[in-house]
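Heads up: the structure comes next, in structure tokens.
The values are calculated or read from the model by the stated rules, or taken from the named source; none is laboratory data. Here the structure is a predicted model, which means the values were calculated and not measured. Reconstructed Cβ throughout: ideal geometry from the backbone, glycine too, with neighbour counts over all protein chains shown.
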Amino acid sequence: MQDIKQTTQTINTLNDLAQLANYSLMDTLNSDPEATKNGVDHSPREVFSGHYVPVNPTPIENPVYIAHSKSFFEELGFSDSLATSEDFIKLFSGDTSALPQPLRRSGWATGYALSIYGTEYYEQCPFRTGNGYGDGRAISILEAVINNTRWEMQLKGGGRTPYCRGADGRAVLRSSIREFLAQEHMHALGIPTSRSLSLYVSKTEKVRRPWFRDASSSRDPEVMIEEAVAITTRVAPSFLRVGQLELFARRQRKNEHPKAMKELELIVLHLIDREYSYVIDINLPFCEKVVLLAREFRSRLTSLVADWIRVGYCQGNFNGDNCAAGGFTLDYGPFGFMDMFDPKYQPWTGGGVHFSFLNQPQAAEKNFHMFYTALLPLLESHQNEQQELQDIRDDFSNVMQVEMIQMWTSKLGLQAFNPTLFNELLRLMIETSVDYTLFFRELSHIPDDISILKKSFYGDVKDDENILKSWSDWLQMWKSNINTPTPESREKLSKEMKEINPKYTLREWFLVPAYKEAQQGNYTLITELQEIMTNPYAEHSSEIEEKYYRKKPSEFFEIAGISHISCSS
């Protein structure tokens, strides 16, 4: 890569940010040879080769500031005033027509393959070839090295690209608010994720989307509604996905063009450079780098999924193209944070049981298998490394199980995992209909009896002596498995458990009022949710606790857009 510029000074202007630009992907990888020279490339078409397509974003009309991530701005060294400056708003609402050097007018979109639960798909591609999948409305506009860390900045809803498959390339305000808040919430939960930079909405531009009628319980959208368009900028070290590696491996396997193997090798090297350079020595032979890449990605992926389950998060659509090759959470579309515990919880109506809450470890293994399959051609003449790669793949479920056991052990405050205790807990949580977040947070108080745990029970069990006795028996068994012989040790364990079990999670019924008010120009709830959800383990005021630390109201169950959502955004 090129020499990089660094700064520890506050970035006050777009000119300051421009001096840190460093476009590693566009400068080191192959552009689509059929791409236009000026970035005006907004109609669906097949992309046969190259790692990216240069494309200009399409600015939203009359952009208005809604929010920026104050914590992320502080980490980056951005002044808060930057978010409302005219040239910053223009750039991050898609207007690249007049930028200070060395910023570039053209951004880039990337292609990837589609696999669902380990099965390759071509049918959803309009050309039936797989050459039409990719960033249909996500356009990266900048790479910058800030305080020795490389960040890629990507507009979600930045307009049409060659991968748009006939869609309009836009994101609506509703989905943009969800993603903006969710990314920073996930970061505050201590889980690797893409980050949120800014959120702007158009005063005048609207699009039509399928959605649900008010108070409907339909599983499928019923009406077309008009919604304001918005752009949220998401930021990550890279946006390389398992699906991208799959795309180049498929082209190599089918010998689609003479440079197919070289392009696969280049994207893997670029992934290592962008996401794994500090753990993979640049001087190692390429075959050894590939093996180390697989091992490190397995470690990150298994840890990530265990963390999702720790906080009650379900990705909803954990395809290979929604799986970041850097091992972090990416693509907050049909996600959800679980209210009532259900192993088969699935917020997305199109997701199926295979992507449900406690099936996420299996979905991760399917994605890792596709990752392994994509790497395998690179080791064709290296039998020893091929075997190492196979062993890494074969041991995925064991590594995943270890991560899950460690997670449950710490979540329950145990010194060692107790399968009997754990299995009885799952049975009781299902039978009693327990709020996942509330239960574990209340358990973190190390209660003497089950009275405070009852506030997490959805089911009416106050007169069911058998269930109440089962809970009391379980609590006593749990207390015999934790080490709290003194008040000091009890307080210490309680503190440790509260750092693992959040008090607040971003439930869908918190989000709905926020985006409904935002549609009327009121962003107060967005600001309130930002404050709470970026401090999810903290104790807030009694007013906030009464509003947000409670079970899901009964009238919201089975309501479309709250209990379940479509992928429309």
I'd like to know if region 496-517 contains one or more residues that are under 29 Å from residue 215 (Cβ atoms), assigned to a loop (DSSP other than H, G, I, E, B) and free of Cβ contacts under 8 Å to residues at least 40 places away in the same chain. no
Subset of region 244-287 that is free of Cβ contacts under 8 Å to residues at least 40 places away in the same chain and among the polar types (S, T, N, Q) - its residue that is nearest to residue 130 (Cα to Cα): 255
Please find, within region 398-434, the residue that is modelled with the lowest pLDDT out of those that are farther than 22 Å from residue 304 by Cα and of a type in the set (Asp, Glu). 431
Would a scan of region 247-257 turn up a residue that is surrounded by 24 or more Cβ atoms within 10 Å (Cβ to Cβ), touching a Leu at 6+ places or on another chain (Cβ under 9 Å) and of a type in the set (Lys, Arg)? no
Among residues of region 329-352, those that are of a type in the set (A, V, I, L, M, F, W, C), touching a Leu at 6+ places or on another chain (Cβ under 7 Å) and assigned to a loop (DSSP other than H, G, I, E, B), counted: 0
Of the residues in region 107-122, how many are in contact with a helix residue (DSSP H, G or I) (Cβ under 8 Å, 6 or more places away or on another chain), of a type outside the set (A, V, I, L, M) and surrounded by 15 or more Cβ atoms within 10 Å (Cβ to Cβ)? 7
Any idea how many residues of region 353-390 are part of a loop (DSSP other than H, G, I, E, B) and in contact with a helix residue (DSSP H, G or I) (Cβ under 6 Å, 6 or more places away or on another chain)? 1
Failed criterion for residue 122 (all others in (1) among the aromatic types (Phe, Trp, Tyr); (2) over 22 Å from the mean Cα position of the chain (by Cα); (3) modelled with pLDDT of 95 or more hold): (3)
Going by the structure shown, is residue 240 hydrophobic (A, V, I, L, M, F, W, C), more than 19 Å from residue 176 (Cα to Cα) and surrounded by 15 or more Cβ atoms within 10 Å (Cβ to Cβ)? yes
Within the group 36, 84, 28, 13, which residue is surrounded by fewer than 19 Cβ atoms within 10 Å (Cβ to Cβ), β-branched (Val, Ile, Thr) and in contact with a strand residue (DSSP E or B) (Cβ under 6 Å, 6 or more places away or on another chain)? 84
Among the candidates 401, 386, 406, which residue alone is polar (S, T, N, Q), under 30 Å from residue 290 (Cα atoms) and crowded, with 18+ Cβ neighbours inside 10 Å? 386
Within region 435-450, can you find the residues that are closer than 19 Å to residue 546 by Cβ and surrounded by fewer than 18 Cβ atoms within 10 Å (Cβ to Cβ)? 445
